[in-house]
1. Only residues that are under 17 Å from Thr179 (Cα atoms) and either of a type outside the set (Gly, Ala, Ser) or outside any helix (DSSP H, G or I) (or both): list them for segment 190-220, please.
2. Hey, among the residues in segment 338-363 that are under 15 Å from the mean Cα position of the chain (by Cα) and open to solvent by 10 Å² or more (accessible area, probe 1.4 Å), which one's nearest to Phe393 (Cα to Cα)?
3. Residue by residue through segment 160-196, note down the ones that are open to solvent by 10 Å² or more (accessible area, probe 1.4 Å), more than 20 Å from Ile139 (Cβ to Cβ) and charged (D, E, K, R).
4. When you check Ala356 against the structure, is it modelled with pLDDT of 90 or more, under 20 Å from Gln163 (Cβ atoms) and part of a helix (DSSP H, G or I), yes or no?
5. Among the hydroxyl-bearing types (Ser, Thr, Tyr) and part of a helix (DSSP H, G or I): is that true of Thr114 in this structure?
6. Kindly list, by first and then second residue, each pair from a residue in segment 380-408 that is in contact (Cβ under 8 Å) with a residue 40 or more places away in the chain and under 16 Å from Asp319 (Cβ atoms) to a residue that is of a type in the set (Ser, Thr, Tyr) and crowded, with 21+ Cβ neighbours inside 10 Å, limited to pairs with Cβ atoms under 6 Å and residues at least 6 apart or on different chains.
7. Given the conditions (1) buried (at least 19 other Cβ atoms within 10 Å of the Cβ); (2) touching a Phe, Trp or Tyr at 6+ places or on another chain (Cβ under 9 Å), which single one is not true for Arg316?
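The values are calculated or read from the model by the stated rules, or taken from the named source; none is laboratory data. Here the structure is a predicted model, which is why all the values come from computation and not from measurement. As a convention, Cβ positions derive from the backbone with ideal geometry for all residues, glycine included, and neighbour counts pool all protein chains shown. We work out accessible area using only protein heavy atoms, side chains counted, and drop any ligands, DNA or RNA first. Shrake-Rupley method; radii C 1.70, N 1.55, O 1.52, S 1.80 Å.
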Amino acid sequence: MLNRIWLIFFVAALLAIGVSLVQGEWQVLSTAVEALFASAKLAAEIALGLIGVLALWMGLMRVGEKAGVVGAIAYLFEPLLRRLMPEVPRGHPAFGSVTMNLTANILGLDNAATPLGLKAMQDLQSLNPTKSVATNAQILFLVLNTSSVTLVPVTVFLYRAQQGAAAPADIFLPILLATTASTLVGVLVVAVFQRLSLFNSVIMAYAAVIFGGIAALVFYLGTLSASAIGSLSTALGNGILLLLIFSFILVAGMRKVAVYDEFVSGAKEGFEQAIKLIPYLLAMLLAIALLRASGALDYLLHLIAIIVNTVGGDTRFIDALPTALMKPFSGSGARAMMLETMQHYGVDSFAGRLAAIVQGSTETTFYVLAVYFGAVGIRNGRHALVCGLTADFAGICAAIGVCYWFYG
């Protein structure tokens, strides 16, 4: 699958460059070459930047596992995860690392989420009979990450505040609705591919508790100001993070675990993992950079505009589509598109709000796929990409629908 996708990216970029040359836009050649070398530099910078946080969290996770804290956390969600990942045996460490990663994502702890996700993928890989082919559990885990629910996307609020939004956090509920739709569709599509039964008492009970908690949180946050929401989110995330770290170390100390030796051992694994990521990151970033620099995404946007105009649809959402089209490929690219949309149309315009909602409700699917699968050497992702992109598409459609509902 990845071989075909990579080739398709290059073919699409070549066609787009050809069209630009026919139109006399010779600067596309230099732009494409610059993008190739910039992607190589970016791949190394990302991998090197991950060394510290990967070493930190792999070391802490090793201590937490030895202390039994990770196992205790896993116990809370193992009944649910066992039904979603039936091939993972009862009591396996993967349940703990998966739970830790999803918790970090929900709290918006980006620096912790990626290292914890790589640890979870590594634990799931230990059960993989064919190391180069993704298992069902790994695919479900990746889709949960590409469609991850972040309860309070503080960074999006911050960008809106910087652009002068009247109420930076007023898109909180639209983002939550859109990202929830993305996650639900992602899980449903994976369930269809893997023939999972979602309609059983355990999954329904967990769903009722989770959605009940989200509803209660939404109701409570609705009573707070934008600054109070940001402060609460930051304090809650950092507080839980510190609580986990201290619990790992102190409980391990009480149980006579060699905390320093275990931390160093885990940190060494994190260092090695970060270096292994460079070729996989480079391959994906190279194709994405070329696709973007060639103008292929711009041509797709123009085609969508023609279709919507032909059927007489409302075209206001098209102004925010650059962010939506870029998000599955590049987080930084989508952020730049969002800021450009805000500056051009106004931060509180329909397009400005929609771009922010899309930015906060979808994930960088190709990056996640390259990093997580690349970390464990998986070359055949099976239906992972289809499920991830379907979740992205659902999130984007939900973002558009919710934006018309709230601000149309």
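1. Result: Val190, Ile210, Phe211, Ile214, Leu217, Val218.
2. Initially, segment 338-363 is screened for residues under 15 Å from the mean Cα position of the chain (by Cα), giving 357-363.
Then keep just the ones that are open to solvent by 10 Å² or more (accessible area, probe 1.4 Å); that gives 359-360, 362-363.
Numbers: Gln359: 13, Gly360: 14, Thr362: 9, Glu363: 11 Å.
Per the criteria, the residue is Thr362.
3. Passing the criteria: only Asp170.
4. Values: modelled with pLDDT of 90 or more: yes; under 20 Å from Gln163 (Cβ atoms): yes; part of a helix (DSSP H, G or I): yes.
Criteria met by Ala356.
5. Numbers: among the hydroxyl-bearing types (Ser, Thr, Tyr): yes; part of a helix (DSSP H, G or I): yes.
In short, yes.
6. Ala399/Ser361
7. (1)
Per-residue answers, yes or no, for (1) without any contact (Cβ under 8 Å) to a residue 40 or more places away in the chain; (2) under 26 Å from Leu242 (Cβ atoms); (3) in contact with a Cys (Cβ under 7 Å, 6 or more places away or on another chain); (4) not in a loop (DSSP other than H, G, I, E, B):
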| site | (1), (2), (3), (4) |
| --- | --- |
| Val98 | no, yes, no, yes |
| Asn101 | no, yes, no, yes |
| Ala120 | yes, yes, no, yes |
| Thr130 | yes, no, no, no |
